[in-house]
Amino acid sequence: MVGFTHNRIIAYAASGAFVAMQVKYSFIGIFVLGLTTSYGGAVIRNVVLDIPISDIWDRQSLLIVFITLTIIVFVERKWVHHWKRWGHFFDSIGLASFAIQGGLLAKSLQHDLGIIVIASMFTGVGGGMVRDLLAGRSPLALKEEIHAVLTFLCAICIWFGWSSPIELTTIVVFVVLIRMLSVHYKWKKLKLPCNRSEKQS
């Protein structure tokens, strides 16, 4: 589980940092967006679950985030176009990993499926939403429903008792696969009445 935690932290820290570089923020912006992307979802989740926010901080994960962001600070901005290729991939890893973490925490507190779903959703998409708002962009998770659907899937798996490293890795791989397919085939919204344009009505 330690490696699992480190991977998700690195993925979302990199996500926030490269978005900051895309919008041409300074190195301060890189650190701020990297930190908020890594911990923003956990802050929202802890508020919802009525858990002290201070519980999300630990020296090891903070050190890993700062090392990751420091390395990225020295990346030349001309390489930022590579982020467009890998950004969705890192986002997908972070989405799955954080959603799982939120679900596991809610399950450990003996909450029912509804709260597990809420905890998974806020932990999975919260950091990315804060990142996009700080970058002056419309939050991707509010425009593409696939994010929420995948966090629901994570929550249901956790509710059914999936908790072993193999099971959690399977969830992450599946979520990343579906997310990347959604990017390739441009699956953004479900065919719901609220998503129909006036021309389709």
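General observations
- Between L140, L153, L109, the residue with the greatest mean-square fluctuation in the GNM of the chain (Cα pairs under 10 Å linked by springs) is L109.
- GluC sites (Glu not before Pro), loop per DSSP, at most 11 other Cβ atoms within 10 Å - longest free stretch of the chain: 77-197
- Listed residues S61, L104, W86: farthest to the positive end of the dipole of the range 48-112 (Cβ charges): W86
- When all protein chains stay in place and ligands, DNA and RNA are ignored, the 1.4 Å accessible-area order of I158, I51, largest first, is I51, I158.
- Cα-based Rg of the range 133-177 normalised by 2.2 N^0.38 Å, two decimals: 1.43
- Sparsely packed chymotrypsin sites (Phe, Trp or Tyr not before Pro) within the range 94-186, loop by DSSP, other Cβ within 10 Å at most 16: F160
- Between S54, S138, S182, the residue with the greatest mean-square fluctuation in the GNM of the chain (Cα pairs under 10 Å linked by springs) is S54.
- Rounded percent of accessible protein surface that carbon and sulfur make up, the range 18-96, 1.4 Å probe: 68
- Rounded to the nearest 20, the size of the Cβ-charge dipole of the chain about its Cα centre is 840 debye, with Lys and Arg at +1 and Asp and Glu at -1.
- Å² per residue, accessible surface of the chain at 1.4 Å: 55
- Taking 0.36 nm per residue of separation and subtracting the current Cα-Cα distance, fully stretching the chain between K186 and Q22 would add 56.9 nm.
- Rounded FRET efficiency, nearest 0.05, which uses the C-beta distance separating T170 from R77 and R0 of 30 Å: 0.20
- Non-local Lys pairs in the chain, i.e. 8 or more apart or on different chains, that have alpha carbons under 16 Å apart: 8
The values are calculated or read from the model by the stated rules, or taken from the named source; none is laboratory data. Worth saying up front: this structure is predicted, and the values here are computed from it rather than measured. With ideal geometry, Cβ positions are generated from the backbone for all residues, glycine too; neighbour counts draw on all protein chains shown. Accessible surface areas use protein heavy atoms only, side chains included; no ligands, DNA or RNA. Shrake-Rupley method; radii C 1.70, N 1.55, O 1.52, S 1.80 Å.
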